[in-house]
Amino acid sequence: MNILVFVNHVPDTETKVKVGADGKTIDPAGINYMLSPYDEFAVEEGLKLREKFTGEVTVASLGGDANKETLRKALAMGCNKAVLLKDASVRDSFAVARSLADFAKELSPDIILFGKQSIDYDNGQVGSLVAEILSMPSISVVVKLEINDGAIVAEREIEGGHEVVCSTLPAVVMAQKGLNQPRYPSLKGIMDAKRKVIEERAASFVESKVEVLSMRKPPAKNPGKIVGTDVSAVPELVRLLHEEAKVI
Amino acid sequence: MAKFQGVDYYNTENLLSEDEILVRNTVREFVDDNVLPVIEKHNRAGTFPMHLVKQMAELGLFGATLPAKYGCAELNNVAYGLMMEELERGDSGIRSFASVQSALVMYPIFTFGSEEQKDYWLPKLASGTAIGCFGLTEPDFGSNPGGMITRAEKKDGGFLLNGAKMWITNGTLADVAVVWAKLDGEIFGFLVEKGTKGFSAPEMTGKHSLRASVTSELVFEDCFIPEKNLLPKSEGLKSPLMCLSQARYGIAWGAIGAAMACYDAALQYAKSRVQFDKPIASFQMTQEKLVHMVTEITKAQLLCLQLGRLKDQNKAKFTQISLAKRNNVYHALEIARMAREILGANGILDEYPVMRHSANLESVKTYEGTHEMHTLIIGEDITGIAAFN
């Protein structure tokens, strides 16, 4: 099976981001970056499909040189090949998706895996856009995936429950938490990955359709107040909720 | 407590390669996910978390610098050090397990063993299907191992071993013990397999330190060791001391991990604990403690990084390893105690990792060469005068 996984390099979930001097982008100073967690489920699923069907897992990422760190991690987890689609400019989801689709076309994969969204800008559009551009079925928020004889049965998470859908390959599948438990890259895998070459090529140029005007942090919250720690504080708490917060 | 984000006041991250960072991050994640959630329970119960052995082996934590043909990762020494740092951020006992398996069992078999011994034992030890231990210290010979009483006597087809070893990490768990004994007055290494007649390894109990680690005695009573189990290239006290240098190198890094865990706990606590209507982090005495901690951690990091680079070029002297072990463990223990002070009464609870690290580091300061012996080793090196013999 020819498996293609697209991954993104995003700020660590624990990082406190700051808006950059231009007011439109985040300040990268002091930020730890990581493989986007939902993309990690996609990588793991790609590796599991290869274990079942044999074949090859190619991992690709669009971005600057820093994205190589994330590609290296995916290689260390066991992906066969890594490709950096080089472009350090700011793009909207459409411009990203078009370039990814251009690359995917060349590779004619049986399946394209994404995380359900990147945890940086949270647009959650790229996977579906790539599917649309390539005229492939698109299945998002997948928590269970079964493939037999080119037929897909996938379980999706929906509000209040799960939905089971079917489709055919080739298709785009977007991973949700619960799909699998990503493996740690083994230390041997890390050393093997070090010897692999990350192919670099320029991402195709596509103009963005949406421009970011400004970025700002949510207003600071007022600090909470601890009225007391046992039952004796209840009357005072009720009074404050009633008289000050006016919520009861 | 918030997830650990690393301590890097001097941007040492820029001095690491991509794969070194990936090794550290992988082990960091492993420790966060698998060690921290269970370690206090095991520390209380005085048990080693055996279920972690398989996972540690799968990650490639055993014999990580040895060649790939034995199933090892072939890491450089800096990546190996970062791995030890993260393991000890979890617990000194977990790091000790990996240290013993790697530096004190796999290293001597690799360095002093026959091809048959290497081919047989190294893949088993790398995959965690066999556990090893190292027997040098005796009840009456600690800092002076050359005085050991354990004797091997030549017999038909092998040797008869008599004596006792003490303070042996993993002794009771081990499938194979690398035991140092005198044969005609000269020290050699022997592989003693579990189940050998006359060999027993009772666990030592009552420890207030390294509680999540198994410590044992090894007893040999007319224990027959076949000739094939002699480490053929071992000779003299230098051989076990070479192993100790490997282990001490890992300890020098490991101590930074324990120190970082304590500093991180103290910093988070100081910022959230309010007294006199403000966080205790706003008081000068608390700040002085935190600054001292981060300063010593930064110095230790730089010390180890340069030591690792030297070791990768085969230029590290054992006296330089002594300096790093001595300094880093001393300051890690100091940092653990300071962190306990910042945490006040809460510092003694196992809701926080501080008291556990503090108690562990008391052992770490003494084992693999006491603080005092390392002082004298460096003292001899710089003056040319040995103070201990």
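The values are calculated or read from the model by the stated rules, or taken from the named source; none is laboratory data. Model, not experiment: these values are computed from the prediction. Note that we place each Cβ from the backbone using ideal geometry, even for glycine, and neighbour counts take in every protein chain shown. Quick note on the areas: whole protein, heavy atoms, side chains included, nothing else; ligands and nucleic acids left out. Shrake-Rupley method; radii C 1.70, N 1.55, O 1.52, S 1.80 Å.
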Of B:SER234, B:SER209, B:SER239, the only residue that is outside any helix (DSSP H, G or I), of a type in the set (S, T, N, Q) and open to solvent by less than 10 Å² (accessible area, probe 1.4 Å) is B:SER234
Counted residues in the range B:286-318 being among the acidic types (Asp, Glu) and either free of Cβ contacts under 8 Å to residues at least 24 places away in the same chain or on the phi > 0 side of the Ramachandran plot (or both) come to 1
Log entry, pairs with first residue in the range B:123-149 being in the same structural domain as B:ALA164 (by TED's automatic domain parsing), second being among the β-branched types (Val, Ile, Thr) and surrounded by fewer than 16 Cβ atoms within 10 Å (Cβ to Cβ), beta carbons closer than 8 Å, six or more apart or on different chains, reads B:GLU138/B:ILE149; B:ASP140/B:ILE149; B:PHE141/B:ILE149; B:GLY142/B:THR370; B:SER143/B:THR370
Only one of (1) open to solvent by 20 Å² or more (accessible area, probe 1.4 Å); (2) charged (D, E, K, R); (3) more than 27 Å from B:TRP167 (Cα to Cα) does not apply to B:LYS54, and that is (3)
All-but-one check, B:GLY81 against (1) surrounded by fewer than 24 Cβ atoms within 10 Å (Cβ to Cβ); (2) touching a residue at least 60 places away in the same chain (Cβ under 8 Å), failing number (1)
Taking the range A:102-138 and keeping residues farther than 30 Å from A:ASN32 by Cα, β-branched (Val, Ile, Thr) and crowded, with 21+ Cβ neighbours inside 10 Å leaves A:ILE111
Subset of the range A:16-32, residues farther than 14 Å from A:ALA66 by Cβ and among the hydrophobic types (A, V, I, L, M, F, W, C), comes to A:VAL17, A:VAL19, A:ALA21
Among helices (runs of 4 or more DSSP H) entirely inside the range A:1-118, those with 3 or more residues being among the acidic types (Asp, Glu) are A:37-53
Taking the range B:7-27 and keeping residues more than 22 Å from A:LEU71 (Cα to Cα) and open to solvent by less than 60 Å² (accessible area, probe 1.4 Å) leaves B:VAL7, B:ASP8, B:THR12
| With respect to A:ASP92, is the statement that it is touching a residue at least 24 places away in the same chain (Cβ under 8 Å), open to solvent by less than 50 Å² (accessible area, probe 1.4 Å) and more than 14 Å from chain B (Cβ to nearest Cβ) true? | yes
Here the qualifying pairs (Cβ atoms under 9 Å; residues six or more apart or on different chains; first in the range A:220-245 and surrounded by 10 or more Cβ atoms within 10 Å (Cβ to Cβ); second of a type in the set (Gly, Ala, Ser)) come out as A:VAL227/A:ALA233; A:VAL234/A:GLY228; A:GLU236/A:GLY228; A:LEU237/A:GLY228
Considering only helices (runs of 4 or more DSSP H) wholly within the range B:1-92, the ones with at least 2 residues that are within 12 Å of another protein chain (Cβ to nearest Cβ) are B:18-30, B:52-59, B:77-90
